[in-house]
Structures are given as structure tokens and as C-alpha cells.
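So the structure is just underneath, and the comments pick up after that.
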Amino acid sequence: MNALGTVAVGVLGVLLGILAGYWLPPHGRLAARNRPRPVRRILLPFTGQAISRRAFEAAVRLAKAENAIIMPAFLARVPMNLPIETALPVQCAGGMPLLEAIEQSLTSQGVPVDSRVGRGRSARDALRKLLQQEHFDRIIVSADEDQRGGLGYDDLRWLLARVPAEILILRPAPEDTRRISVEAVRGHF
Amino acid sequence: MDASAGQPRGRLKVFLGMAAGAGKTYRMLLEGHAELQAGRDVAVGLLETHGRAETARLAEGLPAVSRRSVRYRGTVLEEMDLPAILSRAPELCLIDELAHTNAPGTEHRKRYEDVEDVLAAGIDVLSTLNVQHLESLNDHITELSGVRVRETIPDAILGRADEVVLIDLTPEALLERLRAGRIYPLERIDAALNNFFRIENLAALREVALRQVAEEVGAKRLTTELVGSREESLAADAPQAVGERLMALVEPYPRAQRLVRRAWRSAQRLGAELDLLWVKAPGQELSDDEQRSLSALRQLASVLGARLLEEESDDLAAAVVDVACRRGTTYILLGHSRPAHGLARLRLPLPQRLMQSLPGVDVRIVADRTRRPNGDRP
């Protein structure tokens, strides 16, 4: 083979390499494909415009330890005088940015997230409907009688008595003033 | 020009208010008197005084077309007499409460349909409407006020009005009127104050009414600017949308929820309707995870008051273009596309194809803020 032939074979090889690189899927996708899929589902319900950071951090720790997916759920309440399927834009104006803030934080920590919205006549009713539709392995709630974002004590009793899932209730602590609120959303929302 | 009748269509002027008692009917009657004095042939087609003496007094001196009696399930109901109005054929007709539902047995189910006939006969119409009767605002106002308004009219009716006049009043002044017994009889005042006529309701309704009229003004101004220009034909071909209509392209994956929330916030800011569109491949089977995601998307759409549309097509761009034209979409939002591979790399990316096929429609790619580097943890 003369020099020209060698150069031609070399150029052909380079071209084939470029083409192969171009047609094959990117490396990141292969890596993502090989990553183990989360199996456990942790529900993190809330009702207001802020949730306890302790509850949130507990959910993150457990999700990382158990390779679980966190499912934050905004529970919207439909007044009795309105049809149950009614749209709730005013409540969503508070709940949606908080869902966004939670998702942003979880994703930045590498925790898989899949949000839900529940709707019912009360927070408990919304939660009951959600639990009827889907299976969750664990539910994390903050005992929060002031209803700023958690569930009341009656709701927690009901949860313990009726729901067949592992339930983690975090005791409200006086020093637990740190909360994740809608102000945490990065960028305009 | 109404081609079928061969005569110019009448002009429609609507007095829009935030609630009963704002003074819409009163203002309509004042204008009726002014037109009468100016020498026009004016007739009251339908007036609802709701027992308000002030309103009834103002109606004196205006010629009126008598109501007709309609028998329905053993009850005699008084309704507007459309045939009599058309036969009387005044130059200007005053027809109160545009959103009213007629008794069965009349020509049309809704009063705005009667008004369409009157306009088509070349008669000008003055009418009244409360903002909560507009179809697109119904859910929003229901949640604000806790009262579901059953009588609604399509927004397009208001959009077609030649003039919309906002009858504005502060909530405090309206409550003052209510307490003074100028809106409802004394026995109904307490109930009204405890239900619909709360200051926060009225303030919210006032804001909605002001925004609605501002949008009407904007739409009319744009139309006026286009008349006579070379864009006129383009405007005539464009879908007739009232305000903005957003469409977000979704797939049954968890990340779609973020896109929906962002699209909803944009729709809220623009006071626009929101559609969600999922284009699935023909015969596509969904996995359990996808089924769950789709169900969650449906629930989210319902709570937000958005509409989830499902189309079957193997050409995503063509399906989106088709739906956008049908729905009068003005704004399309989409997330990051998956990296193309194989022959798909040679095709024009979806956003560019949409921009080419839908001139005049904004296309926005929604950023994934969770991937932004150096972001602070909340």
C-alpha cells in the first residue's frame, strides 16, 4: 500500500469513528439507563404554603438510604358548597410554588421526585383519595396542629389507625421554625 | 354586514359590572333616555328592576315592549317577547341581563341568542352583564366567592360586542348600597352580606372585571390598528381568540408536572386559558408508571382548571399545529426534548418546526431550573 492509500485508510477510519460517535446514544444516557430504578415510594403530604424542614430532611435521608422516590403531595380542600371536581386556582397559587420548591431541592440533591395533587372535602379526605389510587410504602408527616402545612392530631390518629403503610410522624419541636416555603423557589415561577 | 339579512348588523354595547347593584341597569336606562331625547326610536325589550324603586322610576318615559307569558310545568313565567321586538323593530333596544336562561318553549335557550337575532335584524342593543357570568372566569370566581354561577355566556359574545363599558364601584360603596336596601329587600340583606357580598369577594371580582375590560380594550386596539393594512387578511384568517390561550406539550412522565405548573403560572399572569396536549403514537401501550403519571397529570390539570387533550399521531409537530389552530393557541410551552438519535438527528428540531408552521404563535422552551449550576438549596 502506498502512502496515499495509508492516508485514505486513516481518513476513512477517522470518518467512521466520527460517524459512530454521532449515531450512538450519548454516554450519559447509557449511565442513566444502568442506574437502579427506585422501588420504594415515600409520600410527603402538605396542605399549606410551607412544610417542616425536619420532615423534608427526614424524607431525603430515608429516600437516599432506601433508594426511594419522594412523592410530595399538595392536599387541596374543596368547600362543601362546591362540586368536588371544581378547579382551585386560589389554593394552587400557594401550593404549586411550594411543590416547585420541594422538587427543585430534591432534584438538586439527586433524589428522584414525582409530585401529586390530592383533592377532597378536607385534607384527610384528599389524602384518603390519594391513598386509594396509589400505593405508598411510607408516609412522612409533621404533627402540626396549627395547620400551616402539616396534618392535625385527629388526622394523624386516623392515619395510624387506617392506612396500611409505614408512617413516620415527626414530633413538633419548639425550635423547629425552619420551614420550606414558596419563597424558596429559584427563578421566577 | 349580515349577509343573510342584507342589512347592516346592529351594534351591541354591554355594561359590565362586578356584581349585582353596581349600577349597570341604571346606566343603561340613562343612555336609553339620552338616545330617546336625541330623536332615536328606543324601546325597552326587557328590564329587570329586581324591585328597585330607583330603577323602576328611571324606566318611566321609555317605551317598552311587553313581556309574554310562557307556561312551564304548571307555572307561568314572564319572558322577553322576541317576535314582538323584531316586529316593532326599534332603532335601539334595551335588553337587561345578557346571561339569562330562557324558559323552555321560547325561541332560544339563552338570552344572548335572542340578542343575536335582534342584532341581525339591524337593531342596536344595550345590555348588561356581571363578570362572573363569563364562562372562562367561572371556576376562578366560584373558588373566590364560594358561589357557583349557573348562568354563563361564552366569552366570544363579549368579544364580539362593539363597546364594553365597565361600571366600576368600590367594594365599600357597593356594600353601602346593599346595607341601605338599594340592591335587595331588607330581608335578604343579611344573607347577601354573609355570602356573596363580602368585601374580599367584591375586591377580587372588581379586579377581575377591570382586567377583563382592559383585555377587551387591548384586543380592540389591535384590531383597529390592523384594519386597512396588509395584515388585515392575515388577521381575518387567524383563529379568533379572546385574550391569550396557552398550550403546554406534556408526556406521561413525572417531569411533565413541573412544565404544567410553570405553564399554569404563565397562564395566570396573562389571564389566559391553558390547554395541555399529549400526543401519543398510534397504538402506544403505557407502562404502569406511565399510567400513574398520566393519572397524576389529569388530576393536576383538573385542580388547576386546565384542559388535558390527548391526540393520537405519529407526527408530533403536525398534531401540535393542528390542535393549536383548532384551539386558537397563542403561546406554546415545551420542555427539553430528549436527545435525537438515528435519522431523527437530520430533522429540524420541534421548536423550529412549530415556529415555521405557526407564525404569530410564541414558542417557549421551559428551562429546568433544577439543573441550574450553583443553585442555592432552599
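The values are calculated or read from the model by the stated rules, or taken from the named source; none is laboratory data. Note that this is a predicted model, so its numbers are computed, not measured. Note that each Cβ is placed from the backbone with ideal geometry, even for glycine, and that neighbours are counted across all protein chains shown.
Summary of computed values
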item	result
Positions within the range B:41-70 being more than 32 Å from the chain's Cα centre (by Cα) and charged (D, E, K, R), in sequence order	B:Arg57, B:Glu60
Filter result for B:Ser136 (within 17 Å of the chain's Cα centre (by Cα) and either assigned to a helix (DSSP H, G or I) or over 29 Å from B:Leu174 (Cβ atoms) (or both))	yes
Total residues in the range B:27-49, condition in a strand (DSSP E or B) and aliphatic (A, V, I, L, M)	4
Wholly enclosed helices (runs of 4 or more DSSP H) of the range B:146-260 bearing at least 2 residues modelled with pLDDT of 70 or more	B:155-160, B:171-179, B:186-194, B:199-226
Some residue of the range B:328-335 being within 11 Å of chain A (Cβ to nearest Cβ) and out of contact with any strand residue (DSSP E or B) (no Cβ under 6 Å at 6 or more places or on another chain)	no
The range A:60-107, subset surrounded by fewer than 24 Cβ atoms within 10 Å (Cβ to Cβ) and charged (D, E, K, R), residue farthest from the other protein chains (Cβ to nearest Cβ)	A:Glu66
Failed condition for B:Glu135, given (1) at pLDDT below 85; (2) farther than 30 Å from B:Leu246 by Cβ; (3) surrounded by fewer than 18 Cβ atoms within 10 Å (Cβ to Cβ)	(2)
Residue that is buried (at least 20 other Cβ atoms within 10 Å of the Cβ), within 17 Å of the chain's Cα centre (by Cα) and among the basic types (Lys, Arg), where the choices are B:Arg111, B:Arg150	B:Arg111
2 or more residues farther than 22 Å from B:Arg255 by Cβ, in the same structural domain as B:Glu143 (by TED's automatic domain parsing) and of a type outside the set (Ser, Thr, Tyr): qualifying helices (runs of 4 or more DSSP H) within the range B:275-361	none
Qualifying residue in the range A:108-121 (condition: surrounded by fewer than 22 Cβ atoms within 10 Å (Cβ to Cβ), in a strand (DSSP E or B) and either in contact with a strand residue (DSSP E or B) (Cβ under 7 Å, 6 or more places away or on another chain) or not polar (S, T, N, Q) (or both))	yes
B:Gln257 being more than 24 Å from the chain's Cα centre (by Cα), in contact (Cβ under 8 Å) with a residue 24 or more places away in the chain and at the interface with chain A (Cβ under 9 Å from one of its Cβ atoms)	yes
